[in-house]
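Novice: Let me begin by handing over the structure; questions about it come next.
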Amino acid sequence: MSRFTRSAAIITFSASAIASLPAMAADALNYNQISLRAEVSQEVARDKMIVTLYTESQNSDPAKLAAEITTTMNQALGQAREVKGVTLRQGSRNSYPIYDSKNQKITGWRERAELRLESADFPALSKLTGELLNTLKMDNMDFAIADATRKASEDALLKDAVAAFKARAQLATDALGGKGYKIVNLNFNTNGYPMPYARGGMMMKAAMADSAPAPAPEVEAGTSQVNMSADGVIEVLQ
């Protein structure tokens, strides 16, 4: 009985020692590892102009109302298609009932349809917008960063972020008296690319209201500061 107990104790100790090996290996892998972060930024021009126009009307006959809205939108689409470099997108179109004062009986219908125009040619789109405001109304004017511009800025920022991270890694290595370093992992995060930036549509409509023909408004899209961070871990070599 005593021999069995003694053997079991030896086996238990051996298993415990083996189980501790992965933990010891993990500790060794994490030796001299440091977390670092580097950030770079860039001013990027909002080079895409987005204008949302709409028509809205009401009628007691929903069929006549739909025909009126369709005719107005088709005329606007035909006029907009003649301008090169302008992308057309039909937005939402909604119809809803109008009730009497007691909110019990439908007395008519109201319908609204939107037209969205996008272009990198600000003067051309501004001129077209002024002309379309003779029959449509403006919801808003927005500015955004075009996809091609965004990709180019991301590529440039990525190179800058890598260079900044390497510089910081070398600085940390020198401070610790290391002979060199190796990158364990590295992650990039980008922020600052704006959603379309709305400008005052009401101000633009007011400026054009008394003009015939409507003048092309002066627009200034501005820029956005885009940031990219490089977060990673290095291992300092001794």
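Novice: Being outside any strand (DSSP E or B), among the aliphatic types (A, V, I, L, M) and at negative phi is the requirement here; does Ala172 meet it?
Specialist: Details: outside any strand (DSSP E or B): yes; among the aliphatic types (A, V, I, L, M): yes; at negative phi: yes.
Criteria met by Ala172.
Novice: Under 30 Å from Leu65 (Cβ atoms), loosely packed, with under 15 Cβ neighbours inside 10 Å and in contact with a helix residue (DSSP H, G or I) (Cβ under 7 Å, 6 or more places away or on another chain) - does that describe any residue in region 192-203?
Specialist: No; the residues of region 192-203 include none that is under 30 Å from Leu65 (Cβ atoms), loosely packed, with under 15 Cβ neighbours inside 10 Å and in contact with a helix residue (DSSP H, G or I) (Cβ under 7 Å, 6 or more places away or on another chain).
Novice: Check off (1) in contact with a Ser or Thr (Cβ under 7 Å, 6 or more places away or on another chain); (2) touching a residue at least 60 places away in the same chain (Cβ under 8 Å) for Ile50 and give me the number that stays unchecked.
Specialist: (1)
Novice: While we're on this one: Find the residue count for region 92-119, including only residues that are surrounded by fewer than 17 Cβ atoms within 10 Å (Cβ to Cβ), part of a strand (DSSP E or B) and not charged (D, E, K, R). Working first, answer last.
Specialist: Kept after step one, since they are surrounded by fewer than 17 Cβ atoms within 10 Å (Cβ to Cβ), are these residues of region 92-119: 92-108, 110.
Among the residues that remain, those that are also part of a strand (DSSP E or B) are: 92-99, 106-108, 110.
After this cut, where a residue has to be not charged (D, E, K, R) as well, the list is 92, 94-99, 106-108.
Within region 92-119, residues that are surrounded by fewer than 17 Cβ atoms within 10 Å (Cβ to Cβ), part of a strand (DSSP E or B) and not charged (D, E, K, R) number 10.
Novice: Does any residue of region 59-75 turn out to be within 24 Å of Ala221 (Cα to Cα) and either in contact (Cβ under 8 Å) with a residue 40 or more places away in the chain or among the basic types (Lys, Arg) (or both)? Full working, then the answer.
Specialist: Of the residues in region 59-75, the ones within 24 Å of Ala221 (Cα to Cα) are none.
No, the conditions are met nowhere in region 59-75.
Novice: Let me ask another. Give me a count of the residues in region 119-153 that are among the β-branched types (Val, Ile, Thr) and within 14 Å of Asp47 (Cα to Cα). Steps first, please.
Specialist: Pass one, region 119-153, residues among the β-branched types (Val, Ile, Thr): 129, 135, 145, 149.
Subsequent filtering for residues that are within 14 Å of Asp47 (Cα to Cα) retains 145, 149.
Of the residues in region 119-153, 2 are among the β-branched types (Val, Ile, Thr) and within 14 Å of Asp47 (Cα to Cα).
Novice: What single numbered condition from (1) surrounded by 13 or more Cβ atoms within 10 Å (Cβ to Cβ); (2) modelled with pLDDT of 95 or more; (3) not in a loop (DSSP other than H, G, I, E, B) fails to hold for Val83?
Specialist: (3)
The values are calculated or read from the model by the stated rules, or taken from the named source; none is laboratory data. Computed from a predicted structure; not experimentally measured. Ideal geometry is used to build each Cβ from the backbone, glycine not excepted, and the neighbour counts take in all protein chains shown.
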